Amino acid sequence: MSNLIEVDNVHYSINENNLIRGISFGLKENEICHIQGVNGSGKTSLLKIILGIVEPTKGEVHRKENLKIQFHGHKLPFKGFLTLLQNLKLVLSEDELIDAQKFLEELDLHEKLNLRFSNLSFGQQKKSFFASKLVIKNTQVFVLDEPFVGLDDSTTKFFQEKLQERVNDGAAIIITSHIPISMPAKTINI
Amino acid sequence: MIKYLSQEQTKLIYKSRAWLTPLILFALIMIAFPLSIDLFGKQTSDLFMIIIVISLLLTNYLAIDDILLEDYEDGSFEQFLTQNKSLFSSVLAKLIILIIYKALPLSLLTILFASVNNVDPFVFLDLFLISFFCQILFLNIFLFGSALGINKGGLLGLIVVMPIVFPVIIIFGQSMTLLQNNSSIDSFLLLSLGISFLITPMFSYLSSLILKMHLE
């Protein structure tokens, strides 16, 4: 099976600081890749290189043509002045919106749909954004940067189960997380 | 493109301060500035047209101030890039929605203020068009400035685009004066229309390129 993403001898330097030195790995369908490293080791930079936002100093990243990627980073791009429902409508199709509402019901957030996003707690904001990413259909790769920060244990477990379901359905995941993950994953240390 | 326009429209409609503040500021300047010159309004009819250009300059700067900053800071633009969506289309949609929801009402307000300042109704249409095109140019220039200074503070962007803003103020100020003297400005309006059509996609494209560089 060919790789969805192929990271080939990637180096990355910033301000003369060699953050990433010769990382290589491939990501196939049904696979989870857990990138580990201490703070400031370049995990987020590596994810941005994989996503094509940042160019590597040396090396290459090959992505399968028309690869459908969903990225969950440190920032939550939902608008505080819109309600949760309005935010979901901006980014999801009608089918995905129905799935998202079911998802939010499981997370006890369905009653918050008509509340302004800024009026939700950080954990609730994070849960709802994470849920919106997981319901997007045809996603082949989820790129997740510390997705469980700010979530309680039961919610973390819930999301890991949902992620595992998506992986079983053929998706792949690249994740950075200081919170231990229960999903079987290959580890990349940087 | 229609999806982007619809998204930007939803965002702007619900963000009331984004469209209400420029309209209120424009009204305040148009009411307060003439009063500061002459309480009884005897001299204001001579200065009225010039005040319009300055008011539009200030309100359009305010209108565009955080148009890109919010999406840059909350990671929306990152999401665009990761999903292979066009940053150019998003920026162009923002600009078009601003033109429809801010430039158009402000141009109508200009006519309202012109009518209470004893401006000849014969020039109302020309006044509407000239203030509309003037705003399109201002919005494009400030959008470019906003993209340039996005992570360095809005003032830097303003300083950088000032050399482009000055000729626009002078040219449109002069054309307002011509209009006040009942001179024909038809050819100038046609030229402004052409320039507006040309620079709107061009500045959106340049701004999206600059944004991409900032994201890197």
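The values are calculated or read from the model by the stated rules, or taken from the named source; none is laboratory data. These numbers were taken from a predicted model, which means no experiment stands behind them. Cβ sites come from the backbone with ideal geometry, for glycine too, and all protein chains shown count toward neighbours. What goes into the accessible areas is simple: the full protein's heavy atoms, side chains included, and nothing from ligands, DNA or RNA. Shrake-Rupley method; radii C 1.70, N 1.55, O 1.52, S 1.80 Å.
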Note to self: Is it the case, given these coordinates, that A:F142 is within 13 Å of the chain's Cα centre (by Cα), assigned to a helix (DSSP H, G or I) and of a type outside the set (K, R)?
What the structure shows: no
Notebook entry, point to check: Looking at the stretch A:49-62, which of its residues are among the charged types (D, E, K, R) and more than 10 Å from chain B (Cβ to nearest Cβ)?
Noted result: A:K58, A:E60
Next item on the list: Hey, could you check the stretch A:106-122 for residues that are in a helix (DSSP H, G or I) and at pLDDT below 90 and say which is farthest from the other protein chains (Cβ to nearest Cβ)?
Entry: A:E106
Notebook entry, point to check: So, of the residues in the stretch A:70-90 that are at the interface with chain B (Cβ under 8 Å from one of its Cβ atoms) and polar (S, T, N, Q), which turns out to be nearest to A:C33 (Cα to Cα)?
Noted result: A:Q70
Check: For the stretch A:166-190, how many residues meet the condition of being assigned to a loop (DSSP other than H, G, I, E, B) and loosely packed, with under 10 Cβ neighbours inside 10 Å?
Finding: 1
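Here's the yes/no breakdown for (1) free of Cβ contacts under 8 Å to residues at least 60 places away in the same chain; (2) more than 14 Å from chain B (Cβ to nearest Cβ):
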| residue | (1), (2) |
| --- | --- |
| A:I23 | no, yes |
| A:L47 | no, no |
| A:K68 | no, no |
| A:L92 | yes, no |
| A:I98 | yes, yes |
| A:F103 | yes, yes |
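Each row is one residue, and each column tells you yes or no for (1) at pLDDT 90 or above; (2) surrounded by fewer than 19 Cβ atoms within 10 Å (Cβ to Cβ); (3) not polar (S, T, N, Q).
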residue	(1), (2), (3)
A:E29	no, yes, yes
A:V38	no, yes, yes
A:V61	yes, yes, yes
A:G73	no, no, yes
A:N87	yes, no, no
A:I98	yes, yes, yes
Next item on the list: Select, from B:S175, B:S196, B:S184, B:S146, the only residue that is within 30 Å of B:E78 (Cβ to Cβ) and more than 14 Å from chain A (Cβ to nearest Cβ).
Entry: B:S146
Item checked: Residue check for A:F71: farther than 18 Å from A:L47 by Cα and of a type in the set (F, W, Y) -> no
Checklist line | Filtered residues of the stretch B:142-164 (kept if surrounded by fewer than 18 Cβ atoms within 10 Å (Cβ to Cβ) and without any contact (Cβ under 8 Å) to a residue 60 or more places away in the chain) | finding: B:K152, B:G153, B:L155, B:L156, B:I159, B:V160, B:M162, B:P163, B:I164
Notebook entry, point to check: Scanning for something more than 13 Å from chain A (Cβ to nearest Cβ), within 22 Å of B:L127 (Cα to Cα) and more than 16 Å from the chain's Cα centre (by Cα), does the stretch B:3-26 turn up at least one residue?
Noted result: no
Next item on the list: Name, by its number, the condition in (1) over 20 Å from B:N151 (Cα atoms); (2) crowded, with 23+ Cβ neighbours inside 10 Å; (3) within 14 Å of chain A (Cβ to nearest Cβ) that does not hold for B:K102.
Entry: (3)
Check: Out of the residues in the stretch B:165-216 that are among the charged types (D, E, K, R) and assigned to a helix (DSSP H, G or I), which is surrounded by the fewest Cβ atoms within 10 Å (Cβ to Cβ)?
Finding: B:D186
Check: Could you list, in sequence order, the residues of the stretch B:101-146 that are at pLDDT 85 or above and among the acidic types (D, E)?
Finding: B:D126
Item checked: Hits in the stretch B:64-96 - residues which are open to solvent by less than 10 Å² (accessible area, probe 1.4 Å) and more than 14 Å from chain A (Cβ to nearest Cβ) -> B:I64, B:V91, B:L95
Check: How do the helices (runs of 4 or more DSSP H) wholly within the stretch B:34-132 filter down when requiring 3 or more residues that are more than 18 Å from B:S204 (Cα to Cα) and not basic (K, R): which remain?
Finding: B:44-64, B:104-116
Notebook entry, point to check: Among the residues of the stretch A:123-143, how many are within 18 Å of A:K157 (Cα to Cα) and surrounded by fewer than 17 Cβ atoms within 10 Å (Cβ to Cβ)?
Noted result: 1
Check: Can you pull out the residues in the stretch A:65-79 that are within 13 Å of A:T139 (Cβ to Cβ) and assigned to a loop (DSSP other than H, G, I, E, B)?
Finding: A:N66, A:L67, A:K68
